[in-house]
1. Looking at (1) outside the structural domain of Gly224 (by TED's automatic domain parsing); (2) under 18 Å from Tyr279 (Cβ atoms), which is the only condition Ala485 fails?
2. Could you grab me the full set of residues in the range 11-41 that are surrounded by fewer than 16 Cβ atoms within 10 Å (Cβ to Cβ) and touching a helix residue (DSSP H, G or I) at 6+ places or on another chain (Cβ under 8 Å)?
3. Which residue pairs have Cβ atoms under 6 Å apart, sit 6 or more places apart or on different chains, and have a first residue in the range 440-467 that is touching a residue at least 60 places away in the same chain (Cβ under 8 Å) and a second that is among the hydroxyl-bearing types (Ser, Thr, Tyr) and surrounded by 23 or more Cβ atoms within 10 Å (Cβ to Cβ)?
4. Scan the range 41-53 and report the pairs whose first residue is farther than 14 Å from Glu120 by Cβ and whose second residue is crowded, with 17+ Cβ neighbours inside 10 Å and of a type outside the set (A, V, I, L, M), with Cβ atoms within less than 7 Å and a gap of 6+ or a chain change.
5. Please state which one of Ala573, Ala524, Ala518, Ala490 is of a type outside the set (Phe, Trp, Tyr) and in a loop (DSSP other than H, G, I, E, B).
6. Just checking, which of Arg283, Arg338 is in a helix (DSSP H, G or I), surrounded by fewer than 20 Cβ atoms within 10 Å (Cβ to Cβ) and basic (Lys, Arg)?
7. Please give the helices (runs of 4 or more DSSP H) falling wholly within the range 398-457 in which 3 or more residues are among the acidic types (Asp, Glu) and not assigned by TED's automatic domain parsing to the domain that holds Ser248.
Amino acid sequence: MTTTGAEKVRWNLSDLFSGPDDSAIEASLARELERAKAFETEYRGRVATLEPNAFAAMMRELADHEESAAKPEVYAYMLHSQNTQDHAAGRLLARVREAGAERGAHLVFFPLELAHITDEHAARLYADPDAATYRHFVEHERRFRPHQLTEPEERVLTDFSPVGNGAWVRLFEELCARILVEIDGEEVQLDQALNLLRESDRSVRRKANAAVSEALRGDIRTRGYIFNVILQEKSIDDRLRHFPSWISSRNLANETSDEAVQALVDAVTSRYDVCIRYYRVKRRLLNVGDLHEWDRYAPIGETARNLTWDDAKELVIGSYNRFSPRVGKLIEQFFNERWIDAPVVPGKAGGAYCMPVTPHHHPYVLMNFTGKLRDALTLAHELGHGLHDRLASNQHVFDYHPPLTLAETASVFGEALTFDRIMAEEKDPKVRLAMLCNQCEDAFSTVFRQVAFNRYEDASHKARRTEGELSVEQLGDLFQENLQAMFGDALVLTEEHKVWWSYVGHFLHTPGYVYAYAFGNLLALSVYHRYLQQGPDFVDDYLDFLAAGGSTRPDELVRHLGMDITDPGFWDAGLKILDGMVTEVERLAGSSPGAR
């Protein structure tokens, strides 16, 4: 691997704990267990009837407890992400999850009782300014009342949680982190091999694609078994909790409805023609005959740009700073304070994420920086999440996290800021065409591909519930069928592609999550378009939007920006922006719409 300057950009986690053997971790776990027991003793049987002042005091006490208890859990997860093969990190992750379940058993009563607050008593609470601070949280919990079990049943599920979904997901992540891909006699990490699919040399892409497919076959039956277990666990949980469909619980948590999500899915799948049109143009530009999966991200011409870590840092900070100097300073702090872990190293979890902690503790960003221009856009994306978290730090812990339906807004917005800066500084029309193609492909990955993933999840959950355990071949066939639909006849997925479902962690750790990417991307495109229309006058409204965190229902919050996501035609606006991007590609390529 070429050095990029990211090799020594590692997290400084000492502001949480000094190491996996830090005695403060066990002290924290013991302290928070005792606090949970005391909380149970004090409030069990009283939550739904507390007077407003006492209710507000209870919520403040619980918020402080939740913030303290979160730190060991977040620390263990991030330590494990840095090296999934490190036994000490894995052991700590298991320990804090077990402790979390033990602590959680004493708090099972709380959401059950909270959900049973009557309308009359809720009105009394909301009439009090201090108690009304928690209105959104209370109302959210009350919506889960039809799906709650009895307290003994909920306690048993909590006791078993350390060996449930989380344990299987950990195994899956460790298996994926151990996947090594052989390229020209050298074993490389999966992320490094996937990055080769963006090389200009088609033979390199073809070879990398075949090598990745071969590596994924290695222990695919184990990963397939894990997926089957999680599919069945979800089925059992949905049945016990009386959810009407496999995705209903996710939609409720996201503060949206099954109908609204289906409207999004229908809108996106009905516009697969946008994606198909683009790949017809790309097929013409590449002039290679039929396109296959190794051509999806092929650069148009010799326009790939490599970046050092410092280049990416300047590009991203500068892009955010042009939007708002205040925002630029918040972003720069991630670099100065060592809140980013950047290099590709053996055993490190793949991909990228932003890890929020609490309103009173900064978030962290994980990257696998390979020196490509798209890595800078990924960095801008994750730092958008970080910005969202930091601006929302004025909220209490229960309203800190935005629902998944809003969680991608700031990240996609940050990407758009960075992309527009790149385009503004680039004058070569061939390079501009290549960059626009990259933007289209990234948007398609987030909108069309994620909805295709949703269709795959939908098919997998339904098949597991009606047919029993699914073979890896069945899982591959379903994956192929649902992914091919977005490409039509413009790009043909080969047999090799059928195993690529087997490293997508979202299907396991957060079933139903993926549509939120499309939701957030289309929303962010609309928000960004509004910014371009309004200019600086939009900045404060947008920052207020992010500062709200999860304190307001998504439909209500978006209205503050002058948009209505409950309008069935809302998604068409974002899809028209994608359509316009493809039209511009067609124009720059000298092609007409729908040309073959």
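The values are calculated or read from the model by the stated rules, or taken from the named source; none is laboratory data. These numbers were taken from a predicted model, which means no experiment stands behind them. Cβ sites come from the backbone with ideal geometry, for glycine too, and all protein chains shown count toward neighbours.
1. (1)
2. Within the range 11-41, Ser18, Asp21, Arg31 qualify.
3. So the pair list comes out as Cys440/Tyr278; Thr446/Tyr517; Gln450/Tyr517; Asn454/Tyr515.
4. Going by the 7 Å Cβ cut-off, the qualifying pairs are Arg44/Phe109; Val47/Phe110; Val47/Glu113.
5. Ala490
6. Arg283
7. Per the criteria, 409-425.
Per-residue answers, yes or no, for (1) crowded, with 17+ Cβ neighbours inside 10 Å; (2) free of Cβ contacts under 8 Å to residues at least 40 places away in the same chain; (3) out of contact with any helix residue (DSSP H, G or I) (no Cβ under 6 Å at 6 or more places or on another chain):
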{"residue": "Phe137", "(1), (2), (3)": "yes, no, no"}
{"residue": "Leu149", "(1), (2), (3)": "no, no, yes"}
{"residue": "Ala177", "(1), (2), (3)": "yes, no, yes"}
{"residue": "Ile183", "(1), (2), (3)": "yes, yes, no"}
{"residue": "Leu190", "(1), (2), (3)": "yes, no, yes"}
{"residue": "Asn195", "(1), (2), (3)": "yes, no, yes"}
{"residue": "Glu199", "(1), (2), (3)": "yes, no, no"}
{"residue": "Lys207", "(1), (2), (3)": "yes, yes, yes"}
